[in-house]
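Accompanying notes for the structure given below.
The values are calculated or read from the model by the stated rules, or taken from the named source; none is laboratory data. Not measured: the values here are computed from a predicted model. Here the Cβ is made from the backbone with ideal geometry for all residues, glycine too, and neighbour counts use every protein chain on show. All accessible areas refer to the heavy atoms of the entire protein, side chains included, with ligands and DNA or RNA removed. Shrake-Rupley method; radii C 1.70, N 1.55, O 1.52, S 1.80 Å.
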Amino acid sequence: MSRITARKVDLDVREELILDAALVVFAEKSFHGASLPEIAREAGVAVGTIYLHFKSKETLANALYRRCQNDYLQVVYGDIPDQATVEEVVFTSCRRVAEYIQRNPLVLRFLELHDHSSYLDGKSRQLQRRHVDRIA
């Protein structure tokens with residue numbers, strides 16, 4: 001592996017560590033109660049490392065929101081055919097939601113705490129609308 005490739009892998013790993021740590025801290029303290037130094041400590045990185053990946057706490061929270069929402073949508077609705085009956089969709093999605101909540105309680109807590117937050121950007125709100133549209 002070249003040094004450039006190794007650095008890219010290292011950056012990707014650190015970004016995932018930061019997002020994982022942000023999930024823990026945001027789920028525990030909410031967006032406004034969380035600080036970047038707390039997230040850095042949880043991730044085992046320097047605060048400056050967070051700024052290498054994210055411009056601000058808002059940018060970090062939006063990246064995490066999109067990661068969580070995409071994962072949730074994929075797990076719950078990912079392979080339900082468009083031709084499925086309403087009953088099939090409801091039964092399958094409800095079962096998957098229950099399983100998802102059991103496996104990912106922090107994700108659910110984070111999404112619930114941040115679903116209507118003022119810091120969500122256009123991309124995050126668009127993803128949020130996709131979820132609501134899918135339910136409808």
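Only residues that are open to solvent by 70 Å² or more (accessible area, probe 1.4 Å), of a type in the set (S, T, N, Q), without any contact (Cβ under 8 Å) to a residue 24 or more places away in the chain and closer than 21 Å to residue 114 by Cα were counted across the range 44-94, and they come to 1.
In the range 88-102, is there at least one residue being of a type in the set (A, V, I, L, M) and within 17 Å of the chain's Cα centre (by Cα)? Scanning the range 88-102 turns up at least one residue that is of a type in the set (A, V, I, L, M) and within 17 Å of the chain's Cα centre (by Cα). Of all the numbered requirements in (1) free of Cβ contacts under 8 Å to residues at least 60 places away in the same chain; (2) within 20 Å of residue 117 (Cα to Cα); (3) of a type in the set (Asp, Glu), residue 12 misses one, and that requirement is (2).
For the range 41-54, the count of residues that are in contact with a helix residue (DSSP H, G or I) (Cβ under 9 Å, 6 or more places away or on another chain), of a type outside the set (Lys, Arg) and farther than 21 Å from residue 10 by Cβ is zero.
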